[in-house]
């Protein structure tokens, strides 16, 4: 029985890695040469920072305070500050001093970073539509239920374990 569990775990891991790798590669197709260089130079942590800034600025268009970003990422402000500094140098993020509190810094996705995100999301949506087009409605519903179930178990399964 133990071997069967390992086979399922190995299969799940292999399939998830193949899917994410394929979609990541496809996401690069429509990027220009400069964007491809930027994307390929980013670490996983830097991708996480850009993603969180993008998400947070939907509700905070004036920019995200560094402290809030660190809390969201569950990282120290120093670690986040280093990542932000690198991303500002790479022109993926912008940092602005808050006009009402000169000690506070606000982080936003730069125009170049927004273009990278926009092109990547457009490509992903096209690819997802193509992938799902081969499935029936019940298969899609089951896939979404299964993925949502797995996602909902992340906090309890990995409680106390930081990525």
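Worth a mention:
- Of the helices (runs of 4 or more DSSP H) lying entirely inside segment 65-163, the ones with 1 or more residues being in contact (Cβ under 8 Å) with a residue 60 or more places away in the chain, touching a strand residue (DSSP E or B) at 6+ places or on another chain (Cβ under 9 Å) and within 28 Å of residue 34 (Cβ to Cβ) are found at 111-132.
Every residue, every condition in (1) at pLDDT 85 or above; (2) loosely packed, with under 10 Cβ neighbours inside 10 Å; (3) touching a strand residue (DSSP E or B) at 6+ places or on another chain (Cβ under 7 Å); (4) on the phi > 0 side of the Ramachandran plot, yes or no:
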position	(1), (2), (3), (4)
10	yes, no, no, no
33	no, yes, no, no
52	yes, no, no, no
57	yes, no, yes, no
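- Restricting 73, 42, 38, 19 to residues that are surrounded by 11 or more Cβ atoms within 10 Å (Cβ to Cβ) and closer than 25 Å to residue 159 by Cβ narrows the list to 73.
- Flag for residue 133 being farther than 24 Å from residue 49 by Cβ and modelled with pLDDT of 90 or more: yes
The values are calculated or read from the model by the stated rules, or taken from the named source; none is laboratory data. Here the structure is a predicted model, which means the values were calculated and not measured. All Cβ positions, glycine included, derive from the backbone under ideal geometry; neighbour counts span all protein chains shown.
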